[in-house]
Amino acid sequence: MMMTREIVKDLLPLYAAGEASAETREAVDAFLRDDPELMRLLEVLRGDADPSPAPASRPDAGRAALATTKTLLRRRSWLLALALLFTGLPLSFVFDDTGLRFLMLRDAPYASGASLVGGAALWVAFSVVVRRLRVTGL
């Protein structure tokens with residue numbers, strides 16, 4: 001059976017670990033003399049060489065991610081509070097001698113509608129922030 005490059009490549013982990021038989025070691029040694037790329041792969045397997053240069057990362061990437069997450073959490077809290085306020089404000093009511101009375105709906109219907117529209121917009125913004133937080137893993 002003829003030794004091909006792919007066979008030698010499959011045998012390299014055994015060779016690097018020192019678990020290959022003497023015959024296999026001789027065959028791989030002969031093949032490695034003629035193939036510098038496989039020799040580099042063997043060095044990587046043995047830990048003598050770095051498999052690839054590490055991508056340059058910003059040293060402050062972790063801090064930037066933390067700052068972004070904190071900002072999103074703060075924004076989520078404010079949006080929730082404002083969405084609840086603007087949604088609940090037109091629905092506020094009082095019981096008096098005439099019965100149940102919605103305060104804002106009766107006295108200021110246009111402001112009540114504007115408040116509901118603003119509340120709906122705040123709920124949409126809240127859901128966008130929550131989705132962005134899910135992407136970051138929180």
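So the values come out like this:
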| quantity | calculated |
| --- | --- |
| Amide H partners (placed H, <5 Å) of residue 93, local residues excluded | 103 |
| Positive dipole terminus of the chain, leading residue within 73, 111, 126 (C-beta point charges) | 111 |
| Candidates 96, 60, 107: whichever shows maximal mean-square fluctuation once the chain is modelled as a Gaussian network with Cα springs under 10 Å | 96 |
| 17 Å tail of the calculated P(r), region 80-125, as % of Cα pairs | 34 |
| In Hz, Karplus ³J(HN,Hα) per residue of region 110-120 (6.51, -1.76, 1.60; θ = phi - 60°; x = Gly, Pro) | 6, 5, 5, x, 5, 5, 5, 5, x, x, 5 |
| D_trans [Stokes-Einstein, Kirkwood Rh over alpha-carbon pairs] for the chain, 10 °C, 1.306 mPa s, µm² s⁻¹ | 73 |
| Angle between the chain longest axis and helix 5-17 axis [Cα atoms, degrees, rounded to 10] | 90 |
| Fully extended contour minus Cα-Cα distance, from residue 7 to residue 95, at 0.36 nm per residue | 23.1 nm |
| Mean Cα-pair separation over length for the chain, i.e. relative contact order, pairs under 8 Å, 6 or more apart, % | 19 |
| Cα-only radius of gyration and Dmax that characterise region 5-46, units Å | 9.0, 23 |
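The numbers here are math on the coordinates, done by the rules we state, and not lab data. Bear in mind that the values here come from a model prediction, so they are computed numbers and not experimental data. Reconstructed Cβ throughout: ideal geometry from the backbone, glycine too, with neighbour counts over all protein chains shown.
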